[in-house]
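One structure is given below, encoded as structure tokens.
The values are calculated or read from the model by the stated rules, or taken from the named source; none is laboratory data. All values reported here derive from a predicted model rather than from experimental measurement. Here the Cβ is made from the backbone with ideal geometry for all residues, glycine too, and neighbour counts use every protein chain on show.
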């Protein structure tokens with residue numbers, strides 16, 4: 001069934017890749033909704049790592065996790081997603097990205113193509129076989145189209161013997177409607 005919200009669509013797909021006990025990443029925790037979703041999916045023996053550079057994102061996410069008694073499954077890291085390999089030494093099953101800016105935060109603080117591409121490369125290095133990276137590109141802001149184009153170019157050049165890459169886009173929505181990218185490691 002097609003979900004009305006793009007985040008629900010992505011979560012529905014991601015859910016099929018996660019088993020209880022898995023290690024997963026929320027590369028851009030923002031308001032914490034994907035972090036909570038991931039924590040619910042991995043169960044009590046799983047581990048979620050959440051990255052963000054903004055204190056407000058860390059606080060908001062921590063509150064949501066604490067309310068749901070999920071904080072013990074999550075490590076929140078105040079750092080750029082590109083530094084994932086500095087913090088995580090194990091393989092991961094899933095990584096989720098939401099590119100753009102924090103809706104409730106400073107709209108001048110946006111994800112940037114250089115750090116996002118480096119983050120994707122690093123996530124691919126630690127992604128398990130048959131693991132998944134989901135990326136929602138919200139690009140209707142200054143700098144967003146550049147990042148979307150760089151991500152699209154990078155993903156389009158991945159070796160098709162190692163990765164499956166698909167994109168899902170709204171065909172009948174206003175300009176700059178978000179795009180979903182899914183990358184599965186073979």
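Details
- Of all residues in region 33-69 being closer than 18 Å to residue 95 by Cα and surrounded by fewer than 20 Cβ atoms within 10 Å (Cβ to Cβ), the one that is nearest to the chain's Cα centre (by Cα): 33
- Pick from region 89-119, criterion farther than 22 Å from residue 56 by Cα and touching a residue at least 40 places away in the same chain (Cβ under 8 Å), ranking: surrounded by the fewest Cβ atoms within 10 Å (Cβ to Cβ): 90
- In region 2-29, the residues that are on the phi > 0 side of the Ramachandran plot and at pLDDT 95 or above reach residues that are exposed (fewer than 12 other Cβ atoms within 10 Å of the Cβ) and part of a loop (DSSP other than H, G, I, E, B) with C-beta atoms within less than 6 angstrom, at least six apart or across chains, in these pairs: 21/45.
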